[in-house]
Amino acid sequence: MVLPEELIRDGGGRIGLIVLDGLGGLPDPRRGQTELEAAKTANLDRLAAKSSLGRVQLLPVGMTPGSGPGHMSLFGYDPLEIDFGRGLLEALGSDYPLRAGEVAARGNFCTIDDDGNVSDRRAGRPPDEECLRLCEQLQSQISIDGVRITLLPGKEHRFTLVLSGEGLGASVNDNDPQVTGKAPLPLIGSDEASMQTAMIASEFLTRAEEVLSGGVASGILLRGFSTRPQLAGFPERYGLKGLALAIYPMYRGVARLVGMKALDCGPDLDAQIAMAKSHGSDSDFIFIHFKDTDTAGHSGDFDGKVAAIESFDRALPRSRPRRHRHHRRPLDSNDADGALLAPGAVAIEQSVHDSGQRRDLR
């Protein structure tokens, strides 16, 4: 939906959107509680008592978007109307602009067993330094005629593959089987330009397995092949100057795609809060992304997710500058206990707090 320009008003003040990624969950069969129910959240409880609470269904029921489309919908963009993939967001989040004639794909280092099947889709989550080393190793040892290959290291097992050349398309499937015990899927393009991309990417994968042979990270999974679409940004769409503070590149990428200024804010929530205070004064809209809840949920780590929620709760008073309208909207991945539900399968819980608004009546 496109907002009519006459609906955009300068309301004064600023808006804060804090996303606790993967906060939602289902009760643990052994404990009978979700992680959010088990966590001690005194500060969140106090904020909820004076806020307007509810749920919002941003996408059709049953649709399971990834993190990129999910956050696009949080920002008010319909991901069903925009043709983009995860590769674009990872590239933008790594400060790579992705120009015309370039195609990007999100890469995972993975472990391939002796039968050619994926045994670990994240190669044991190597440290960032190992990811950088692997990318540099592949960058120095692999070249393909007619195309320039760029590898952008990310967090842990994540990196971005950028292919630059003539006649490349992005309509290529993912080779990630999404489960262990199965072989990576063959890459297939749906048109002539995309078939060229699939052929080049397949050659890169073959060469990469040769270079990586013998290590824990012995293969690569690619998904989200993408070029860069043209979008109206936050200033044009909402009349807002946005600032994004996210630790992981993908979330900075989706923010940059919609015209926000996105900063690499350091290793943890304390660094994000400090940067919000030092850099947020000239922004109307501040987006803070909290990843720890999602990471623990993907790993099925109940106690780790409880600890992540409680660490956010302790930090909450420091994240609330005065005279801001705070709009906290947890992105409900529901992936606790090893992906009980895929991201976006149910509505998103939200809490809206504004010093001038009425709280919910209970």
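On inspection, A244 passes the criterion of being touching a strand residue (DSSP E or B) at 6+ places or on another chain (Cβ under 9 Å), under 17 Å from G16 (Cα atoms), assigned to a strand (DSSP E or B) and not basic (K, R).
Criterion applied to A91, A42 was being aliphatic (A, V, I, L, M) and under 19 Å from A208 (Cβ atoms), and the one residue passing it is A91. T34 satisfies every condition listed in (1) modelled with pLDDT under 90; (2) among the hydroxyl-bearing types (S, T, Y); (3) surrounded by 19 or more Cβ atoms within 10 Å (Cβ to Cβ) except (1). Within the stretch 264-307, the set of residues being crowded, with 20+ Cβ neighbours inside 10 Å, under 18 Å from K155 (Cα atoms) and not β-branched (V, I, T) comprises C265, L269, Q272, H289, F290, K291, D292, D294, A296, G297.
For the stretch 258-271, the set of residues classified as assigned to a loop (DSSP other than H, G, I, E, B) and over 16 Å from A315 (Cβ atoms) consists of V258, G259, M260, listed by residue number. Taken over the stretch 204-229, the criterion of being touching an Asp or Glu at 6+ places or on another chain (Cβ under 6 Å) and over 18 Å from M250 (Cα atoms) is satisfied by G219 alone. Please verify whether S311 is free of Cβ contacts under 8 Å to residues at least 12 places away in the same chain and farther than 23 Å from P126 by Cα, treating the condition exactly as stated. No; evaluated as a whole, the condition is false for this residue. Determine if the stretch 101-122 includes at least one residue that is among the hydroxyl-bearing types (S, T, Y) and not in a helix (DSSP H, G or I). There is at least one residue in the stretch 101-122 that is among the hydroxyl-bearing types (S, T, Y) and not in a helix (DSSP H, G or I). Being under 25 Å from the mean Cα position of the chain (by Cα) and either outside any loop (DSSP other than H, G, I, E, B) or at pLDDT 95 or above (or both) holds for only one residue in I200, I220, and it is I220.
Go through the residues of the stretch 55-65 one by one and say whether even a single one is assigned to a helix (DSSP H, G or I) and under 27 Å from A307 (Cβ atoms). Taking every residue of the stretch 55-65 in turn, none turns out to be assigned to a helix (DSSP H, G or I) and under 27 Å from A307 (Cβ atoms). Taken over the stretch 272-304, the criterion of being assigned to a helix (DSSP H, G or I) and either free of Cβ contacts under 8 Å to residues at least 24 places away in the same chain or among the β-branched types (V, I, T) (or both) is satisfied by I273, A274, S278, S281, D292, T293, T295, D303, G304. Look through the stretch 48-75, keep the residues that are touching a helix residue (DSSP H, G or I) at 6+ places or on another chain (Cβ under 7 Å) and of a type in the set (G, A, S), and return whichever of them is surrounded by the most Cβ atoms within 10 Å (Cβ to Cβ). Taking the candidates together, the pick is G68. In this structure, is P267 touching a helix residue (DSSP H, G or I) at 6+ places or on another chain (Cβ under 6 Å), within 30 Å of T34 (Cα to Cα) and at pLDDT below 90? Criteria not met by P267.
The values are calculated or read from the model by the stated rules, or taken from the named source; none is laboratory data. Predicted model only: the values in this text are computed from it and were never measured. Methodologically, a virtual Cβ is constructed for each residue, glycine included, from the backbone with ideal geometry; neighbour enumeration extends over all protein chains shown.
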